[in-house]
Amino acid sequence: METEKISLHLLSSIKQVLSRIGLPEVVINQVDSLIYITIIIFTGYIAGALAHMASKNISKRIERRKGYALLSKAIEGGTLKRLSAIIPPIIIISLLPVAFTDKPRLMTFAENITWVYFTVMLVRSLTAILSNIGDTAENNNRFHNRPIKGFIQISKIIIYIVSVIVVVSMLTNKSPFYLIGGLGAFAAVLMLVFKDTITGFVGGILLLENDMMRLGDWIEIPGTAINGVVIDMSLTIVKIKNFDNTIATIPPYTLLSESFVNWRAMSESCGRRIMRGYTIKIDNIKPCSSEFIEKIKALTPEMKNFITATNNSSSDDGTSEEEQRYGTAETNLGLFRAYATFYLKRHPMLNKKMLTMVRTLAPTEYGIPLQIYCFTKDTEWSHYESIQSEIMEHLATALPLFELVPFQSSSSQDSMINGLVERGFPLERIKGIPTGTINDEFS
């Protein structure tokens, strides 16, 4: 009611001014509405500009005192300006009804145009707020690995769809529910034309909803060259930076239709698995003599205690508790398993809370596989590889101490050594085949 009184008072004031100027009554009745509309439009934009200035000053003061990143993004990104753009159509809509009281069709057209303008400004404001929230969340460490971009896109699409339906209903003077019912027949055509887009959109939603992948995850797709870190996620594409610095772009539905490996759980578990080993020649596995046992005792204090414990505290079935846990003192391979287990347990870079063991697998035509199974504390790739290499190198140098030989395919050097031995060259003198030395020594 107050807005109607203001409108009538403003319209009467315009007529009085025109009458004082000396314009005829006929001209006044034709011009007053146009002047009134011009004034309310001008007033609306002035009010919007003042609201923008006031909100910007207030936001800057709050941002300086509190340091809110959201306000800072709103000021820099123009979100406040878009929000203030809603004020002009609101003022116009509230003051417009008295402009065309004698022209209902023109009044209906002006109202519809104003409401469409208001809807467009409202959609721009809402999408600007969502973009502002998304940019702020991406720079926040708590949400850095969350697929915020996908949820923002879903929200924007919903807003766009609703706004289009509302605008069409305003322009056609039809109920929005009537339009929604009519879209059912058009849906089949949309499914055929935009099949890939819709499939990618649904795949993106499923990936986000089920938390199957996040920004920063290391993923691998078996059978392809894709093996790297996710650097961008949306409802239509997923960008992966491979470890060779190439960028792979795939639609989300590819990740749903084919299996992929996500290494996020490994990164979050504080332990990355090492599962490597050697194949030991069966011919070199032998029972331990007393001299051999004494030599092994001198290697480390753990081995001395282990051998002493296995000799002094055997169970009824002849196997001690120490042997059951780490290895056996009956064979050189059993002693090496115990040595490797003690080495892994005292290694400072291995996670002692996770499984650590050294075991033998089923024999093959190449020998008995010996497997090292443990977890590193550091999951970063280069650090993990360094720790793994150090362990395997140390155990490789320890194998000869236990008179064990790992299997290797024969090479040209092996063939040359066999030929020298067959011709009578002493085996103990062969420590390699330096170039240009064999003919001098064996002629």
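Bear in mind that the values in this text are calculations on the coordinates, not laboratory data. Keep in mind it's a predicted model, so treat the numbers as computed, not measured. Reconstructed Cβ throughout: ideal geometry from the backbone, glycine too, with neighbour counts over all protein chains shown.
Number of Lys-Lys pairs in segment 272-402 with C-alpha atoms under 15 Å apart and a separation of 8 or more places or on different chains: 5.
Once the piece of chain linking ILE113 and ALA309 is laid out straight, how much longer is it, given 0.36 nm per residue of separation minus the C-alpha distance between them?
61.2 nm
Legend: translational diffusion of segment 209-263 by Stokes-Einstein, Rh = Kirkwood radius over C-alpha pairs, 10 °C, 1.306 mPa s; D = 143 µm²/s.
Our coupling estimate for segment 221-237, obtained by passing each phi through the Karplus curve with A = 6.51, B = -1.76, C = 1.60 and θ = phi - 60°, is 10, x, x, 10, 8, 7, 7, x, 9, 6, 10, 7, 9, 9, 6, 10, 9 Hz, Gly and Pro reported as x. Annotation for SER131 and SER169: the two label points, set 7 Å from Cα along the Cα-Cβ direction, are 2.7 nm apart.
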